[in-house]
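Report on one structure; see the data block that follows.
The values are calculated or read from the model by the stated rules, or taken from the named source; none is laboratory data. Keep in mind the model is a prediction, meaning the values are calculated, not measured. Heads up, the Cβs are rebuilt from the backbone with ideal geometry, glycines too, and the neighbour counts pull from every protein chain shown.
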Amino acid sequence: MAHTTQAKGNILWVDDEIELLRPHIILLEHRGYEVATATNGEDALELFREAKPDLVFLDESMVGMSGLEALSAFKDVDASIPVVMVTKNEAETVMDEAIGRKIDDYLTKPVNPAQILAACKKFLESRKITSEKFTQEYLQGFNELTMRMQDRLPWSEWVDIYTKLVSWSMELDKYPDLGLGETLNNQWREANAEFSKFVERDYKSWLDRDRNRNEDMPLLSPNIVEKYVVPHLRTDKPTFFFVVDCMRLDQWLLMEELLRPYFSIERDYYSSILPTATPYARNSIFAGLFPSEIQQHYPEYWIDGSGDDHSQNKHEKELLGKLLERRRVRLRSDIKYVKILDTDFGKRIENEIVSYAQNHLSVIVVNVVDMIAHSRSDYPILKEIAPNESAYRSLTKSWFQHSSLFGMLKLLAGVPGARIVLTTDHGSVRCMRGAKALGDRDTSTCLRFKFGRNVKADERNSMFIRNPEEYKLPKHGVATNYIIAKEDYYFVYPTDYNYYLSHYRDSFQHGGISLEEMILPVITLQSK
């Protein structure tokens with residue numbers, strides 16, 4: 001059974017009545033497959049060892065070595081080669097036994113040509129067929145998206161464009177050899193350039209809560225608790241609110257795949273406020289207020305700072321309590337609030353999570369995804385493990401599969417009546433281009449946004465905020481202004497410019513304006 005470049009695949013068909021199947025074999029050969037045959041398990045095993053076929057059709061009932069015994073022998077030699085059992089026996093016990101021995105598919109005699117061809121296409125051509133279909137659909141969608149972005153688009157259209165780009169990116173992960181990666185990267189860059197113009201033009205209008213909410217404007221960080229959490233608190237059911245720091249849509253979609261067996265999932269979208277950084281966006285979620293409003297009404301809970309130091313979010317429970325007071329929500333117990341910063345503590349909370357159902361509201365903040373993003377910049381081994389967007393997604397999925405977060409959610413799926421809302425405060429973008437920034441020694445150090453006295457950068461790659469109050473941002477002094485990076489730029493000071501340009505290039509950062517940082521999922525989970 002020599003492999004040829006022309007053949008669609010090499011098939012081994014094992015049946016003690018092989019001559020009766022000759023019409024099927026001729027059909028397969030006419031369709032471009034090579035077919036070798038054997039009439040017993042012993043001969044078939046020898047052929048299998050020598051030729052390593054691409055697919056095996058195996059009769060269940062044969063003289064001598066049975067089909068099930070041959071199946072086990074094949075799997076011992078090479079478990080990756082698919083085996084399709086073909087049998088007259090419809091007994092459920094035979095099916096169970098075959099499945100237990102890792103059969104790949106099961107056909108009942110008499111088989112017809114359509115069944116055989118379908119099995120061949122499934123195991124030998126599905127990747128080629130699906131990759132060709134994806135290429136066709138992507139190129140058609142590419143042209144459509146390019147045309148759409150020439151228009152002045154509203155928020156809902158940008159959500160649609162973003163979800164399409166994420167979907168294509170994740171689909172392309174399965175077909176890395178199609179040669180579409182550079183095309184898609186260029187489209188991401190074009191989309192983020194146009195999205196940055198959209199945000200710079202329209203963002204300030206989103207902050208006016210008195211405007212007509214029927215206009216196509218996004219929900220923002222301060223609206224999330226009132227919209228998605230408070231309605232559950234009007235009931236007596238236990239409510240769980242998870243906030244996963246720095247989680248992008250593509251990362252959530254990988255988690256969603258793993259959660260679908262346990263939950264019905266409803267997904268909406270909102271926009272992070274600017275800057276898309278934890279001290280601003282997450283405090284805003286819990287307070288139900290914009291940063292300048294927190295500073296004004298609760299100065300004891302607002303900590304001036306420029307980084308993502310977790311100490312700047314140490315009053316989230318108190319801010320949430322004030323929000324519920326303003327909304328006249330009465331809880332039957334105190335808010336249970338935990339922040340997970342390390343694995344051991346996460347596992348401890350996982351072990352206790354079912355008991356949290358005694359509380360009216362439990363809030364769990366998970367910082368691991370943010371830590372993965374920052375650690376990738378600091379540890380070369382992580383950059384080697386996750387050298388690109390696809391690998392970064394894969395790293396996130398691997399973490400989630402073994403995480404206390406997944407463990408907690410699976411346990412909560414078994415808690416009767418539990419209400420679960422999950423979201424994030426901002427995403428992250430892979431920064432590939434540096435932009436020079438100027439400021440004095442008191443200027444903040446963040447890479448995607450800066451504030452201080454007369455901070456400056458090229459306005460082609462940054463949004464310049466001269467009056468922070470207009471953007472509901474706190475003033476840190478009389479002459480404070482902000483600069484916020486657009487697209488995939490990051491700020492670098494002129495001092496040691498080339499060193500820091502190289503050091504931070506190809507790192508995942510947040511605080512700026514991009515689709516990945518601003519368009520965020522908010523999820524409602526209902527156990528099945």
From the residues in segment 285-336 that are within 26 Å of Thr480 (Cβ to Cβ), over 29 Å from the mean Cα position of the chain (by Cα) and in a loop (DSSP other than H, G, I, E, B), which one is modelled with the lowest pLDDT? Gly305
When Ile523 is run through (1) on the phi < 0 side of the Ramachandran plot; (2) modelled with pLDDT of 95 or more; (3) surrounded by 22 or more Cβ atoms within 10 Å (Cβ to Cβ), the failure sits at (3)
Anything in segment 440-453 that is under 16 Å from Leu473 (Cβ atoms) and of a type outside the set (Ser, Thr, Tyr)? List them, or say none. Cys446, Arg448, Phe449, Lys450, Phe451, Gly452, Arg453
Please list, ordered by first then second residue, the pairs with beta carbon atoms under 7 Å, 6 or more apart or interchain, first in segment 259-281 and in contact (Cβ under 8 Å) with a residue 24 or more places away in the chain, second among the aromatic types (Phe, Trp, Tyr) and in a loop (DSSP other than H, G, I, E, B). Ile273/Phe290
Can you say whether Glu459 is acidic (Asp, Glu), surrounded by fewer than 16 Cβ atoms within 10 Å (Cβ to Cβ) and free of Cβ contacts under 8 Å to residues at least 40 places away in the same chain, as far as the supplied structure shows? yes
State all residues of segment 417-433 that are crowded, with 20+ Cβ neighbours inside 10 Å and either part of a strand (DSSP E or B) or among the small types (Gly, Ala, Ser) (or both); if no residue qualifies, say none. Ala418, Arg419, Ile420, Val421, Leu422, Thr423, Gly427, Ser428, Val429, Cys431
Report yes if Glu350 is at pLDDT below 95 and of a type in the set (D, E, K, R), otherwise no. no
Test Lys52 against the stated conditions and say whether it is modelled with pLDDT of 85 or more and on the phi > 0 side of the Ramachandran plot. yes
Which residue is surrounded by the most Cβ atoms within 10 Å (Cβ to Cβ), if the candidates are limited to segment 370-395 and must be part of a helix (DSSP H, G or I) and at pLDDT 90 or above? Tyr392
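Here is a yes/no grid of residues against (1) touching a residue at least 12 places away in the same chain (Cβ under 8 Å); (2) under 30 Å from Ile513 (Cα atoms); (3) outside any loop (DSSP other than H, G, I, E, B):
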{"position": "Lys102", "(1), (2), (3)": "yes, no, no"}
{"position": "Ala114", "(1), (2), (3)": "no, no, yes"}
{"position": "Ser126", "(1), (2), (3)": "no, no, yes"}
{"position": "Glu132", "(1), (2), (3)": "no, no, yes"}
{"position": "Gly141", "(1), (2), (3)": "yes, yes, yes"}
{"position": "Glu144", "(1), (2), (3)": "no, yes, yes"}
{"position": "Trp168", "(1), (2), (3)": "yes, yes, yes"}
{"position": "Asn185", "(1), (2), (3)": "no, yes, yes"}
{"position": "Glu190", "(1), (2), (3)": "yes, yes, yes"}
Positions within segment 22-41 being assigned to a helix (DSSP H, G or I), free of Cβ contacts under 8 Å to residues at least 60 places away in the same chain and surrounded by 14 or more Cβ atoms within 10 Å (Cβ to Cβ), in sequence order: Ile25, Gly41
Candidates Trp252, Trp158, filtered to the one that is touching a Pro at 6+ places or on another chain (Cβ under 7 Å) and either among the small types (Gly, Ala, Ser) or surrounded by 18 or more Cβ atoms within 10 Å (Cβ to Cβ) (or both): Trp252
Need pairs with beta-carbon distance below 8 Å; first residue under 15 Å from Gly288 (Cβ atoms) and within segment 322-337, second at pLDDT 95 or above and basic (Lys, Arg); sequence gap 6+ or separate chains. Ile335/Lys317
